[in-house]
1. If a paramagnetic tag sat 7 Å from the Cα of LEU10 along the Cα-Cβ line, which residues of the range 55-89 would have the backbone N under 17 Å from that point?
2. Within straight cross-link reach of LYS42, meaning Cα distance under 27 Å, which lysines are found once same-chain residues fewer than 8 apart are removed?
3. What translational diffusion coefficient, to the nearest whole µm²/s, does the range 7-77 have by Stokes-Einstein, given a Kirkwood radius computed over alpha-carbon pairs, a temperature of 37 °C and 0.692 mPa s viscosity?
4. Quick check: pseudo-label points 7 Å beyond the Cα along Cα→Cβ at LYS42 and LYS18, how many nm apart are they?
5. Which percentage, to the nearest 5, of the DSSP beta bridges contained in the chain is antiparallel?
6. In whole Å, what three semi-axes, largest first, describe the equivalent ellipsoid of the chain built from its Cα gyration tensor (square root of 5 times each eigenvalue)?
7. What is the gain in length, in nm to one decimal, between GLU87 and ARG65 on full extension, counting 0.36 nm per residue of separation less the C-alpha to C-alpha distance?
8. Taking springs between alpha-carbon atoms closer than 10 angstrom, which of LYS18, LYS85, LYS42 fluctuates most in the Gaussian network model of the chain?
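Read-outs throughout are calculated quantities, based only on the coordinates presented, and are distinct from any laboratory measurement. Everything numeric in this text was worked out from a predicted model, so none of it was measured. Cβ placement follows ideal geometry from the backbone for every residue including glycine, while neighbour counts extend to all protein chains displayed.
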Amino acid sequence: VQLQASGGGLVQSGGSLKLSCVASGRTFSAYVMAWFRQAPGKEREFTAAITSGGRTEYEDSVEGRFTISRDNPKNTVYLQMNSLKPEDTAVYYCGVSRSFGRIYTSGSLYTYWGQGTQVTVSS
């Protein structure tokens, strides 16, 4: 099983980026998929998650700016990030939980992780 995240980069404040995470090795269409992020010197924190049916949940600071989506046939989850701020700078990780419908915000309840992609927002 492998999760490959991509799409990170350097962007100015107010800009946009779209992250992608492709899963291979098994099908995750039934499971909750999520994005977490880890800023320098901080713990990994929940950012957004989506169930197989499309129900979503967001961390308060990204609500209204970020949109998580998924393409089940492609085994892919996306994170569209708009109106980026310097405080959004972090390594972003995609994760898959064994949950079929309940969204967990604790990273300990996610079984599979991608390698992370760096997002840097300059002021």
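1. Under cut-off, by backbone N: 85-89.
2. The qualifying lysines are LYS18, LYS85.
3. Details: Rh = 13.4 Å.
So the translational diffusion coefficient is about 245 µm²/s.
4. 2.6
5. Working: 37 of 41 bridges.
Of those bridges, close to 90 percent are antiparallel.
6. Working: eigenvalues 101, 38, 36 Å².
Each semi-axis is the square root of five times an eigenvalue, giving 22, 14, 14 Å.
7. Values: separation 22, 0.36 × 22 = 7.92 nm, distance 1.31 nm.
That pair, GLU87 and ARG65, stretches by 6.6 nm at full extension.
8. LYS42
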